[in-house]
Structure formats: structure tokens, C-alpha cells
1. Checking the condition acidic (Asp, Glu), within 21 Å of ARG271 (Cβ to Cβ) and open to solvent by less than 30 Å² (accessible area, probe 1.4 Å), which residue from ASP474, ASP482 passes?
2. Note down all Cβ pairs under 8 Å where the first residue falls in the stretch 208-228 and is at positive phi, the second is open to solvent by 20 Å² or more (accessible area, probe 1.4 Å) and among the polar types (S, T, N, Q), and they're at least six residues apart or on different chains.
3. Can VAL461 be described as within 30 Å of GLY401 (Cα to Cα), of a type in the set (Val, Ile, Thr) and within 26 Å of the chain's Cα centre (by Cα)?
4. Of the residues that sit in the stretch 485-510 and are among the aliphatic types (A, V, I, L, M) and part of a loop (DSSP other than H, G, I, E, B), which one is surrounded by the fewest Cβ atoms within 10 Å (Cβ to Cβ)?
5. Do you know which of the residues in the stretch 264-317 that are of a type in the set (S, T, N, Q) and assigned to a helix (DSSP H, G or I) is farthest from VAL250 (Cα to Cα)?
6. Step by step: first the residues of the stretch 252-275, then only those that are under 13 Å from ALA466 (Cβ atoms) and open to solvent by 10 Å² or more (accessible area, probe 1.4 Å), then the one that is farthest from the chain's Cα centre (by Cα). Which residue is that?
7. Among ARG279, ARG294, ARG271, which is the only one that is touching a residue at least 12 places away in the same chain (Cβ under 8 Å) and within 27 Å of GLN205 (Cβ to Cβ)?
8. Is it the case that some residue within the stretch 92-108 is of a type outside the set (Gly, Ala, Ser), over 17 Å from VAL215 (Cβ atoms), surrounded by 15 or more Cβ atoms within 10 Å (Cβ to Cβ) and modelled with pLDDT under 90?
Amino acid sequence: MEDEQLQEMKIDNADLMQNVAQSPNAETSGSCEPMQNGKTLITEGKARIIFPCANEVFYNPVQEFNRDLTCAVITEFARLQLSSKGIRLAVPGEENSSKVVADLSKEEKDDNLEQHPSDDQLQEEGHKVAAVGQVCQDGLRVLEALAASGLRSIRFAKEVPGLRSVVANDFSSKAVELITQNVQLNDVGHLVTPSFSDARMVMYQCKADKALFDVIDLDPYGSPSTFLDAAVQAVSEGGLLCVTCTDMAVMAGNSGETCYSKYGAMSIKARFCHEMALRIILHSLDLRANCYQRYIVPLLSVSVDFYIRVYVRVFTAQSKVKASASKQALVYNCVGCGSFHIQRLGKMAHNGNNINYKAACGPPVGPSCEHCHQRHQLAGPFWAEPLHDMAFVQQVLSAVGSNPGRFQTGQRIQGILSMALEELSDVPLYYTLDNLSKTVHCSSPSLLQFRSALLHAGYRVSLSHACKSAIKTDAPPPVVWDIMRCWEKLNPVKRERLSESSPAARILSLEPKGGVSSNLQEKRKLHQNKRKACGEESDGAHLKNFPCKRFRQGNCSLGDKCRYSHETEKEREPRDAS
């Protein structure tokens, strides 16, 4: 009986293969085509998978960006790891984007073009070349712990060079059958191995066998918390962990107690919740790694759509683990105005060549907010160090930008990575313009105006990829609210409608300390409509109305030929009076 079922399965697979081969849209990226037996052929990137329409195996087309970004990150990670072994990656499309240099000093036309060296030339010179779809004996061992249809693993095999093996694991028998079928369809059986097991057992077993994975990808349906302990042990020294969290309601503060039980941190509802979710998962990863004398180094952390995605490297060093407490922090967030203060859990004191690790002193705030007199919420702990490795992000961005046809979502990848590069790396969390304006009940200034005000005040400022209206700055809350008071002066609100105990009334009750200085106001009056006047009068006679700076400083040598006025202030007063 089992032999008959196996024979029927082989016949069905053969029919599906024939239908796929005859499909006219098989090479179209992102296509979806109905097939026989109630199944669908899905094409994404270089991979083609057969997906049951009954939704027996999970597949989410929205996360194509996630898979594209992961292929790009693993490619650059492989380039980083294999370069020390003298192995060069051959990525499709990169050789076509290399610049062709013409030597114009010679008379030859076509023979003097300097082409990018081919793979054969590199091999002759003693360099090893790792190509896509080929087994690299010194390459990376990859585990997709929750593979579902196997799409991600197949894309790794067909789009990422420098791989030795890929294990596509799932704890669903139907999913493993589908993975096996899709591996045969894409002819990547030499690289991808289907696995039917509990993901944690696979990782614990590889730890016991001392056969660690160089890359582990965790993309569960929901929270990855149950897999993190095994993952930080099963990844090799300096290996890469790729983790997705889709339980954003929990991480964004809807269930703070649930967030603590899963990730060891209390979340709150705040405007910076998306960045805090990133920092909570990084804290959880580092905390679990510390149990085994290991620590993490984030390469890239992004919040997109309905999920967050982090890429971290894991290292082992007892001395580095001691510094982990100083990398975590708590946040005091005012429930009235949204002001927040960061409190580190630990601190490092340098004493010559020695480092003393101590508990941090605090709290940084009083019992109530100094601006609106409301109470504070305490959240965390969370990761307070940089979210990205800027050099690595730049490397991924350059690779994606120089090979625009490689990914369907390449433009979006470039946009998010560009934003990540501009973020202030040493400033956790952010304000949002809409919330600042809502607090004082006034219209919202533009991002450009608010950024300019902070820069003129002498502080740093940037945007954030996690929120389109975010303002990251090292300016303290008093400066932020002083700028809002100055803005309210230009756009006044009806204060009689404000309750005396409201955050808006208490914040606006103080006079702004900033604003435009008197010297700057005089300079603006002096130069008002100057450009317009210059356009109307071409002879330059109007310039005599403006004092000469060099004359006032006593070093103008032009005399009467100077186009500006050499009159003193006393000489100008009678004319102004008349």
C-alpha cells in the first residue's frame, strides 16, 4: 500500500514538473500562476515553488522584501568571511556593472579595452571563485530553521554564492514534502537538504556534534523567543543570526507582561515603539548569549511593514560579556508630554589599563515630569548601543546599488539602507513631530524647520527609518520643548481653551529661552528684499544704502570707489530722521 502511494506521488510530481516546464511565465519574478491539482506555481527571484492553494503550508508574498534583503546581507557576509580564505564571490550581474576603461593613448580601438578579469583568469592567478549554485567546500553552512515551503532556502542556493550546504527544516510533514518537491523542481538538491525535526533539536544537536552553522535564519509565524536560546549556541564563532519578529502588538506595548515573559523586557505604548521593539529583541539575544559567555554585534536592524528584522553576529569572549550590562538601558517616559530619559543599567570605569564594571547611578528624573508634572512609565531593559554596523550597511548598499536588476525590491532596499546610514547611531529612541504638536495643541512644523532649529541650537539631529515623522536628536527635552514654545509664538493657540492642569498649559506657561537673537533680527531687517532690489537695479547704486563691513573694520582700501556706504552711524542718523 505504501509503495502504491509513493508511486502515485512520483507520478503527480512528474506531471507538475512537466506543467512547470511548459509554463510561459516561469521566469517572471513575483508571478503567480494556477496549475493542475489545485496548486499554484509561484516565482520569486530565481526560485520557483509549487504552493498548495489550500494554504496547508504558510507563504507570505509581502515578505519578498525580507527575503531579498536577507539574500543581499548573506552575500556580503559570505564575501566578508571568505575573503580571508582567498575566495572571491561571483555574483550574477556584478561583472556586467564593472566599469570598462579605455586607454586612449593607443591607436587600437577594441583591443585596448581593459575588461574585468574572468573567473578562469582568477583561478589561473591562484584565486578561488565561488559561483552561485555550486558547492563551495570552504563556504558557509546555512540553516533555515522554519522553512515552510522552502522558498528562502532555494533562493539562497540559486542567488547567494559561497555556500557549502543549506538545511531547510520544518516540523510539519506536509511542509517537508513540499520542500522536497520544490528542491527537485529547482534542481538544487546538491545544496539544499530537507529536514523534518523540531528546530530547537536541530540546533542543539549540531551544538552537541560540534558542527555549528555559519548562518541561522529564524522567520517564525509569530514570536521567535522559543528558538533564541538554541540559536545563540548553534551559530559558529562570528556567525550570523537573522531573526524576524511579527508579534509587534506585544513588542509595541499592548501586552507588556507578555513581552517580558518572551523577551525579558517590559514594553510600553509610546511613539518610539518600533525602534524600541528592535532594541528589545537585541537585548533578548544578547542576554541569552551572555549565559554561554557569548555576545552579539548588530550588523543591521530594520522595522518594516508589520515586522522587525535583525542581523547580528555572535562572538565568544568572557571579557566582552562583562560589558554587556553597560549596553542595556531603561527608559523613563512621561505619560503626559512624551519626554523620555535613558538610564543605563551599568557603567565601565577606566582605571589605567584596568576596567571596573559598576552599577549605574540614577534615576535621571524626579517623581514627576519637570515639563508637564505628569508621572513616568518605566520600560526596558533594552539594547542602548548602535543598531547598525555602518561599514557593513554601506557595503550592502553599494552592492545592491551597483546591481539594480538583482532584486525585485532593490529600490526599497536602497531607500531603507540609506536612511539607516543617516541615523544617529549613539542616540536611542526618537520624538515624533505629530506628537510634539499634539501635546501643545498647535500646528505641526515641517521636518526641515524643526531640524534647522535643533542644528542652530548646536545639537545633532537625524531622521529614522522606523517612522516617517521621527526626530532623533541628542538635544535634551528642555531644548525640544523650548523650540516648540518658539513655534507656538509664531502659531499661537487659544490658551483659554486649555485646562490649567493639561501638559500643553504647563509647557506653554514658560517663556521660551531661545528664539531669534537681536543681532540676527537686525541683520534680517538690513538684508530684507536685498536680492529683489539687486534684480531690479542693475547699476548697483542701491548698494550705497548698506554699510561697508571692511570700512567698519578699518581696512577698506577702495575709498570712494567702494560700492557700499562709508558713512558712520552718526552721519546716517540725520538722514533717517528726515
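The values are calculated or read from the model by the stated rules, or taken from the named source; none is laboratory data. These numbers come from a predicted model, not from an experiment. Because the Cβ atoms are built from the backbone with ideal geometry, glycine has one as well, and the counts that use them run over all protein chains shown. Keep in mind that these areas ignore ligands, DNA and RNA; they rest on the heavy atoms of the full protein, side chains included. Shrake-Rupley method; radii C 1.70, N 1.55, O 1.52, S 1.80 Å.
1. On the way: ASP474 fails: open to solvent by less than 30 Å² (accessible area, probe 1.4 Å).
Every option except ASP482 fails the conditions.
2. Filtered contacts from the stretch 208-228: GLY222/THR246.
3. Working: within 30 Å of GLY401 (Cα to Cα): yes; of a type in the set (Val, Ile, Thr): yes; within 26 Å of the chain's Cα centre (by Cα): yes.
For VAL461, the condition - within 30 Å of GLY401 (Cα to Cα), of a type in the set (Val, Ile, Thr) and within 26 Å of the chain's Cα centre (by Cα) - is met.
4. So the first thing to find is which residues in the stretch 485-510 are among the aliphatic types (A, V, I, L, M), and the list is 490, 493, 498, 504-505, 507-508, 510.
Then keep just the ones that are part of a loop (DSSP other than H, G, I, E, B); that gives 493, 498, 510.
Details: VAL493: 15, LEU498: 18, LEU510: 12.
Filtering the stretch 485-510 for residues that are among the aliphatic types (A, V, I, L, M) and part of a loop (DSSP other than H, G, I, E, B), the one surrounded by the fewest Cβ atoms within 10 Å (Cβ to Cβ) comes out as LEU510.
5. Narrowing the stretch 264-317 to residues of a type in the set (S, T, N, Q): 267, 284, 290, 293, 301, 303, 316.
After this cut, where a residue has to be assigned to a helix (DSSP H, G or I) as well, the list is 284, 290.
Details: SER284: 14, ASN290: 24 Å.
For the stretch 264-317, the residue satisfying everything is ASN290.
6. Keep residues of the stretch 252-275 that are under 13 Å from ALA466 (Cβ atoms), which gives 252, 270-275.
Restricting the remaining residues to those that are open to solvent by 10 Å² or more (accessible area, probe 1.4 Å) gives 252, 270-271, 273-274.
Values: ALA252: 17, ALA270: 20, ARG271: 18, CYS273: 15, HIS274: 11 Å.
Here the residue is ALA270.
7. Details: ARG279 fails: within 27 Å of GLN205 (Cβ to Cβ); ARG271 fails: within 27 Å of GLN205 (Cβ to Cβ).
Just a single option satisfies the conditions, and that option is ARG294.
8. Scanning the stretch 92-108 turns up at least one residue that is of a type outside the set (Gly, Ala, Ser), over 17 Å from VAL215 (Cβ atoms), surrounded by 15 or more Cβ atoms within 10 Å (Cβ to Cβ) and modelled with pLDDT under 90.
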